[in-house]
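Participant: For reference, the structure I am asking about is given below.
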Amino acid sequence: GRVAGRGRRDRVRKPTIDAYLLLDGCKTSCTDRFRHVETMAALSTRTDGIYNLRPYDRTLDRGLYNAATSAGAAEVLASVGTPFGQQSLVDFASNLTAPIDQRRIGAAAFGKGVDRYGVLLTTVEIQRQYDRYNASRDLDKETQDVLGSLLDAIESRWKKEDDAAKKPAAQAAP
């Protein structure tokens, strides 16, 4: 028999695989790359679980550094909820050579991912981010704001988790 929804998956699988191949070195126009990454970004926001884009996080990391695909790649990396994706977004937002507007997009995407999945970075990676922020004291305010927003996202999530852990204890008290 036919599996429900299979036709939808088959129609979308090809653009998704094309996006993987296009970002992985095949020669194509920036417009095509953008279109395929935008397709992946749209699929990544679905909540029905039909499309698993997690295997593409390492490919999409490279898409962050292309102006045509940066925003879409950031959106997908935030939506897939992988440690590698979060680290890629943090590294991109912290990259002093990337345009500040793209770095802001990466930082905002990291914040969305942390809100949805929690902090998936290791202690070492988080400490590295604090070190980056502390080292930015002589850099421009925009860079400091981007680096600070990454730490704000982490600390906000920790506070939310701490508050949630305290809530049952507070309700149990007479």
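The values are calculated or read from the model by the stated rules, or taken from the named source; none is laboratory data. Nothing here was measured: the structure is a model prediction, and the numbers come from that model. A quick note on method: Cβ atoms are made from the backbone with ideal geometry, for glycine too, and the neighbour counts reach across all protein chains shown.
Participant: Which members of the range 111-167 meet the condition of being part of a loop (DSSP other than H, G, I, E, B) and not β-branched (Val, Ile, Thr)?
Facilitator: Gly118, Leu120, Leu121, Leu139, Asp140
Participant: Next up: Among the residues of the range 156-174 satisfying the criterion of being charged (D, E, K, R) and loosely packed, with under 12 Cβ neighbours inside 10 Å, which is modelled with the lowest pLDDT?
Facilitator: So the residue we want is Lys167.
Participant: Could you please find all residues in the range 66-104 being under 21 Å from Asp131 (Cα atoms), part of a helix (DSSP H, G or I) and hydrophobic (A, V, I, L, M, F, W, C)?
Facilitator: Passing the criteria: Phe84, Leu89, Val90, Phe92, Ala93, Ile100.
Participant: Given the criterion out of contact with any helix residue (DSSP H, G or I) (no Cβ under 9 Å at 6 or more places or on another chain), among the hydroxyl-bearing types (Ser, Thr, Tyr) and either farther than 22 Å from Thr39 by Cβ or loosely packed, with under 13 Cβ neighbours inside 10 Å (or both), identify the matching residue among Thr143, Thr123.
Facilitator: Matching residue, one of Thr143, Thr123: Thr123.
Participant: Right, here's the next one. Need the failing condition index for Asp131 against (1) closer than 18 Å to Phe84 by Cα; (2) free of Cβ contacts under 8 Å to residues at least 40 places away in the same chain; (3) of a type in the set (Asp, Glu), just the number.
Facilitator: In the conditions (1) closer than 18 Å to Phe84 by Cα; (2) free of Cβ contacts under 8 Å to residues at least 40 places away in the same chain; (3) of a type in the set (Asp, Glu), Asp131 misses (1) alone.
Participant: So which of Thr97, Thr59, Thr69 ends up being among the hydroxyl-bearing types (Ser, Thr, Tyr), in contact (Cβ under 8 Å) with a residue 12 or more places away in the chain and either closer than 11 Å to Val146 by Cβ or surrounded by fewer than 22 Cβ atoms within 10 Å (Cβ to Cβ) (or both)? I'd like the intermediate steps shown before the answer.
Facilitator: On the way: Thr97 fails: in contact (Cβ under 8 Å) with a residue 12 or more places away in the chain; Thr69 fails: either closer than 11 Å to Val146 by Cβ or surrounded by fewer than 22 Cβ atoms within 10 Å (Cβ to Cβ) (or both).
Among Thr97, Thr59, Thr69, only Thr59 is among the hydroxyl-bearing types (Ser, Thr, Tyr), in contact (Cβ under 8 Å) with a residue 12 or more places away in the chain and either closer than 11 Å to Val146 by Cβ or surrounded by fewer than 22 Cβ atoms within 10 Å (Cβ to Cβ) (or both).
Participant: Here are some conditions: (1) at pLDDT below 95; (2) under 17 Å from the mean Cα position of the chain (by Cα). Glu125 meets all but one. Which one does it not meet?
Facilitator: (1)
Participant: A further question on this structure: Quick one: would you say Gly106 is touching a Phe, Trp or Tyr at 6+ places or on another chain (Cβ under 8 Å) and either modelled with pLDDT of 95 or more or surrounded by fewer than 19 Cβ atoms within 10 Å (Cβ to Cβ) (or both)?
Facilitator: Considered against the rule, which asks whether it is touching a Phe, Trp or Tyr at 6+ places or on another chain (Cβ under 8 Å) and either modelled with pLDDT of 95 or more or surrounded by fewer than 19 Cβ atoms within 10 Å (Cβ to Cβ) (or both), Gly106 comes out as yes.
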